[in-house]
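To start, the structure itself, in structure tokens.
The values are calculated or read from the model by the stated rules, or taken from the named source; none is laboratory data. This one's a predicted model, so the numbers in the text were calculated from it and none came from an experiment. No Cβ is skipped: glycine too gets one built from the backbone with ideal geometry, and neighbour counts run over all protein chains shown. Surface areas here come from the heavy atoms of the whole protein model, side chains and all, with no ligands, DNA or RNA. Shrake-Rupley method; radii C 1.70, N 1.55, O 1.52, S 1.80 Å.
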Amino acid sequence: MNIKTLVISVVVIAVFVGGFIVLTKGGSDSEKTTPSANNVSIIDKKQVITINAKGGYSPRMTTAKADMPTVIKVMTNGTFDCSAALTIPSLKYRANLSPSGETSVEVPPQKSGTTLQGLCAMGMYNFSVKFN
Ligand SMILES: [Cu+2]
């Protein structure tokens, strides 16, 4: 093997390894930007469920833990549609949310198998939280 072949081999290997690193790095980056459906967290022994209200509610379906004090944190951000008029019938909750901000709705511990539903005032948008 002469020196020229050696140099070319090294360059070829460098390109392959470099390309591989770029590709795998790109892969993990795209994984990070994949939206996570996990909108439930536990803070100070309290379960916090985050729901975004704007042109409807998202996520539409949440699975949460039963038998645990819970807060539903409703986030508005330039919400001028009727999803700002929130009702949660089983809690007898009804509120007109401010167009931007967050509103915490206290939810007493729910039995396993309970599904809590939130609705806009006209009932055309909804979300549900299933307690397991
Ligand atoms: Cu509505």
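Got a sec? What order do F131, F80 fall in by accessible area at 1.4 Å, biggest, i.e. largest, first? Write down the numbers at each step before the final one.
On the way: F131 0, F80 170 Å².
Largest accessible area first, the list is F80, F131.
Each label point was placed 7 Å from the Cα along the Cα-to-Cβ direction; for K130 and Y93 their separation is 2.0 nm.
Cross-linked pairs K65/K111; K45/K92; K54/K92; K73/K111; K46/K73: Cα-Cα separations exceed 18 Å for K45/K92; K54/K92; K73/K111.
Using a Förster distance of 22 Å, how high is the FRET efficiency between D44 and Q117, based on the Cβ-Cβ distance and rounded to 0.05?
0.25
With all protein chains kept in place, the per residue accessible area of the stretch 83-129 amounts to 55 square angstrom at a probe of 1.4 angstrom. Whole angstrom only: what separates the Cα centroid of the stretch 41-68 from the Cα centroid of the stretch 81-104? Centre-to-centre (Cα) distance: 14 Å.
Each residue of the stretch 120-126 is assigned a 3J(HN,Hα), and the resulting list reads 7, 4, 8, x, 8, 10, 8 Hz, derived from the Karplus form 6.51 cos²θ - 1.76 cosθ + 1.60 (θ = phi - 60°), x at Gly and Pro.
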